[in-house]
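Read-outs: derived from the displayed coordinates by stated rules, not from any lab. Given the structure is predicted, the values throughout are model-derived calculations rather than measurements. As a convention, Cβ positions derive from the backbone with ideal geometry for all residues, glycine included, and neighbour counts pool all protein chains shown.
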């Protein structure tokens, strides 16, 4: 059965709905097609698990549309026994960037914190770069597949786990970003927001966290930036955070 799962995963490049539909179709699959994708899989240099494997992460078993196949590089044990934080934000100016780094410096490595992220925007990259520089634990979701030329994929630290459900790297788009959001919300214990604009794409991620009962934390708008709506988030029920000490 695993070979059929992998075949459909490649055929639809990780698109859960299309894979699910094909399992209910009466498509006749030629053996040569299964062999072809099996060879491609071996050439990718990535490890993989299907949803039928015993090692499939518990954190993802109950997620909405659990990935049929996970492709990964790194130690899956990083998914165990930690405090998993997703840290995000919209604003890109130096003032906010300096504030992010200042507060992150309060994190004690002994607190066993793991960052869950993908490098889709400036703030995430700031946080990600800080964790890499300080050799802290990271689970990095690749929304549109793993590009071997991605500078973040080049890091071979034992503290970084790369995960994707998209076997063939493609140009990023809204669909793949939303697919990644659901994985981030499933793995993370809480979402921490430094800044958010009025019509931010982060609203979708916030809803993903809330839908599965996860907490949202927000830093107050300390710079009184009219673009930053974190105070509104707090008024709506997000918990206040002022640092990691």
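Per DSSP H run of n ≥ 4, the term is -39500 (n - 2.57); total these for the chain, divide by its residue number, and report the mean residue ellipticity at 222 nm rounded to 500 deg cm²/dmol. Intermediate results must be reported in sequence, preceding the final value.
Details: 9 runs with 88 residues, N = 245.
Only helices count here, giving -10500 deg cm²/dmol.
Classify the stretch 2-73 as rounded, prolate or oblate, taking a ≥ b ≥ c as the square roots of the eigenvalues of its Cα gyration tensor: rounded when a/c is under 1.5, otherwise prolate if a/b is larger than b/c and oblate if not.
Details: a/c = 2.09, a/b = 1.17, b/c = 1.79.
Oblate, since a/c reaches 1.5 and b/c is not below a/b.
Between residue 226 and residue 154, with labels modelled 7 Å along Cα→Cβ, what's the label distance in nm to one decimal, could you check?
A separation of 4.2 nm, rounded to one decimal place.
Only Cα pairs under 8 Å and at least 6 apart count here; give the relative contact order of the stretch 76-240 as a rounded whole percent.
Computed value for the stretch 76-240: 23 percent relative contact order.
For each of 126, 242, 197, 230, count neighbouring Cβ atoms within 10 Å of the residue's Cβ, then give the residues from fewest to most.
242, 197, 126, 230
Calculate the spin-label point distance for residue 133 paired with residue 76, positioning each point 7 Å from the Cα along the beta-carbon direction, and give it in nanometres.
3.4 nm
Report the extension gain between residue 93 and residue 174 in nm, rounded to one decimal, defined as 0.36 nm multiplied by the number of residues separating them, less their alpha carbon distance.
In short, 26.7 nm is gained.
Looking at the chain as a GNM with Cα springs under 10 Å, which of 51, 141, 107 has the largest mean-square fluctuation?
For the chain, modelled as a Gaussian network with Cα springs under 10 Å, the answer is 107.
Can you put 63, 158 in order of Cβ neighbours within 10 angstrom, beginning with the fewest?
158, 63
Measure nothing fancy, just the Cα-based angle from helix 202-211's long axis to the longest principal axis of the chain, in degrees from 0 to 90, nearest 10.
Long axis of 202-211 versus the principal axis of the chain: about 70 degrees.
Just one of (1) 18.9, 62; (2) 25.2, 82; (3) 18.2, 57 is Rg and Dmax of the Cα atoms in Å as worked out from the coordinates here. Which one is it?
Matching entry in (1) 18.9, 62; (2) 25.2, 82; (3) 18.2, 57: (1).
How would you rank 60, 183, going from fewest to most other Cβ atoms within 10 Å of each one's own Cβ?
Ordered from fewest to most neighbouring Cβ atoms within 10 Å, 60, 183 come out as 60, 183.
What is the Cα centroid distance between the stretch 197-245 and the stretch 88-147, reported in whole angstrom?
First find each Cα centre; the distance between them is then 16 Å.
What FRET efficiency comes out for the pair residue 44/residue 110, r = Cβ-Cβ distance, R0 = 25 Å, nearest 0.05?
Numbers: r = 36 Å, r/R0 = 1.45.
Efficiency for this residue pair is about 0.10.
Name the most mobile residue of 133, 73, 11, meaning the one with the largest mean-square fluctuation, in a Gaussian network model of the chain with Cα contacts below 10 Å.
133
Can you tell which of 45, 74, 89 shows the greatest fluctuation in a Gaussian network model of the chain with Cα springs below 10 Å?
Result for the chain, Cα springs under 10 Å: 45 fluctuates most.
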